[in-house]
Amino acid sequence: MTAPESAASSTRGRLLRSSGAGLAASAVLLSGCGGKSSRPGAPRIGGADAARLNGLLDLKHRTIGAYTAGIPLLAGGTLSAAQRFLGQELSHADELSGLVKRTGAVADRPSDSYDFGHPRSAVAVLRLLHAAETAQLAAYIAVIPRLVPGASRAAAASILADDAQHVAVLRSALALDPVPSAFVTGRE
Amino acid sequence: MSPDTRRELISRSILAGGLALATSLHAAEDAAARVEAAVRAEDAAGADALRALFEVERLAEVAYRQVLRSGVLAAGARRAARALLAHEQAHVGVLGAWLRAAGGRRPAPSAMDAPAAANVLAAHHVSGSLQNLRSEHEALRLLIAVEAAAERAYSRAVSRLRDPVRLGVSLEMMACDAQHATVLSELLYPGDVSRAVPGAFVPETR
């Protein structure tokens, strides 16, 4: 199962057409996704952070691809949750792109495609999404301490915390303990 | 699925994580040992951030204890709250160790009594009282508000701390407290993911 980037917009378009009003919130966020810089007047970020932030952005693009590709296999409450999380992931990508641009660098674009294997059930999709989200958590925890200035760390941390909430919901959907550890590392 | 069934499933899944909970307590000891072994001098802003984190996590610990003591929680919510309390205690342990390593004095565990907790609630703009809780709904809403205060404190701390080890562990605790809010919201509003994960950024600052 792949999520061709070339059709990032057409894939999202198909998603919007097939899923109707339930994606209204996502539609608003999709229209806002353009990598524009956030918070005008914010301090310039050092160039050394560009690669780190682009690394987080690459993972974010991959996660967006996973949600986009997996949502058609979901239904009910998990579908609603995944749709909501996709919209939030798009907002994260927008924010990360803005942070990259403040370094003076170019924000990475999504890959043309991603290999997610062949999940054929809702449970398999949930496991895929859980793996994608926890990979993000681990990456954020490793990278954020190295970001300068502090405002960048706080911005990235706010994304980390939201992704952690995604993980909690996905774990519940998989009948797992939603918060198994006092220290969330992404390896739970 | 009825709200009660969903609540039971949530609490059972948390209970099933008992072994993971014990593991997390060992992880807390490891984390505290790592930080103590790598004593770093934070600047004034960082030291203040550590004290603020300790205060809000102590508040969370006191809040969970008080809520459990109040008797307003049903069985499922009570089991969940006990598990989350254990996490808060682990956070307090690590933060206390950091304060000692940074040369600060760690307040005694019993130092935050009800009046002190009320002051801290007010200082963090959390409305409500830990005294005379009248319903599970009120208790869960208060705990969610306390977790939100913790998120705001972590957000400020992450921008001010300098030591990468403390930053990393702070992020792990911040992520955990964000998950706490989600679990509590699911207990309060079963099946409503818009409440469980209300925004794209935690804390919501945009």
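The values are calculated or read from the model by the stated rules, or taken from the named source; none is laboratory data. Keep in mind it's a predicted model, so treat the numbers as computed, not measured. Cβ placement follows ideal geometry from the backbone for every residue including glycine, while neighbour counts extend to all protein chains displayed.
Just give me the residues in the stretch B:59-77 being touching a residue at least 60 places away in the same chain (Cβ under 8 Å) and either crowded, with 17+ Cβ neighbours inside 10 Å or under 16 Å from the mean Cα position of the chain (by Cα) (or both), in sequence order.
Residues satisfying the conditions are B:Leu59, B:Ala60, B:Val62, B:Ala63, B:Tyr64, B:Gln66, B:Val67, B:Ser70, B:Val72, B:Leu73, B:Gly76, B:Ala77.
Which one of these does A:Ser181 not meet: (1) under 15 Å from B:Glu172 (Cα atoms); (2) within 19 Å of the chain's Cα centre (by Cα); (3) surrounded by fewer than 24 Cβ atoms within 10 Å (Cβ to Cβ)?
In the conditions (1) under 15 Å from B:Glu172 (Cα atoms); (2) within 19 Å of the chain's Cα centre (by Cα); (3) surrounded by fewer than 24 Cβ atoms within 10 Å (Cβ to Cβ), A:Ser181 misses (2) alone.
Given the options A:Leu73, A:Leu90, name the one that is at the interface with another protein chain (Cβ under 10 Å from one of its Cβ atoms), more than 17 Å from A:Ala157 (Cβ to Cβ) and either of a type in the set (A, V, I, L, M) or surrounded by fewer than 17 Cβ atoms within 10 Å (Cβ to Cβ) (or both).
Answer to the selection: A:Leu90.
Out of all the residues in the stretch A:59-103, which are more than 15 Å from the chain's Cα centre (by Cα) and polar (S, T, N, Q)?
A:Thr78, A:Ser80, A:Thr103
What about A:Val106, is it free of Cβ contacts under 8 Å to residues at least 12 places away in the same chain and away from chain B (no Cβ under 11 Å)?
Taking the combined requirement at face value, the residue satisfies it.
For the condition facing chain B (nearest Cβ under 9 Å), at pLDDT 95 or above and under 20 Å from A:Ile64 (Cβ atoms), what is the one hit in A:Ala142, A:Ala175, A:Ala156, A:Ala182?
Checking each option against the conditions leaves just A:Ala156.
Can you pull out the residues in the stretch B:168-182 that are in contact with a Leu (Cβ under 7 Å, 6 or more places away or on another chain) and either more than 7 Å from every other protein chain (Cβ to nearest Cβ) or over 15 Å from A:Ala138 (Cα atoms) (or both)?
B:Ser170, B:His180
Condition check: within 14 Å of another protein chain (Cβ to nearest Cβ), crowded, with 22+ Cβ neighbours inside 10 Å and modelled with pLDDT of 95 or more. Does B:Ala139 satisfy that? If you could, list the steps in order and put the result at the bottom.
Working: within 14 Å of another protein chain (Cβ to nearest Cβ): no; crowded, with 22+ Cβ neighbours inside 10 Å: yes; modelled with pLDDT of 95 or more: yes.
No; evaluated as a whole, the condition is false for this residue.
So A:Ala138 fits all but one of (1) surrounded by fewer than 22 Cβ atoms within 10 Å (Cβ to Cβ); (2) in contact (Cβ under 8 Å) with a residue 60 or more places away in the chain; what number is the exception?
Against the list (1) surrounded by fewer than 22 Cβ atoms within 10 Å (Cβ to Cβ); (2) in contact (Cβ under 8 Å) with a residue 60 or more places away in the chain, A:Ala138 comes up short only on (2).
Assuming A:Ala175 fulfils every condition listed in (1) assigned to a helix (DSSP H, G or I); (2) over 21 Å from B:Arg152 (Cα atoms); (3) free of Cβ contacts under 8 Å to residues at least 12 places away in the same chain apart from one, which condition is it?
(1)
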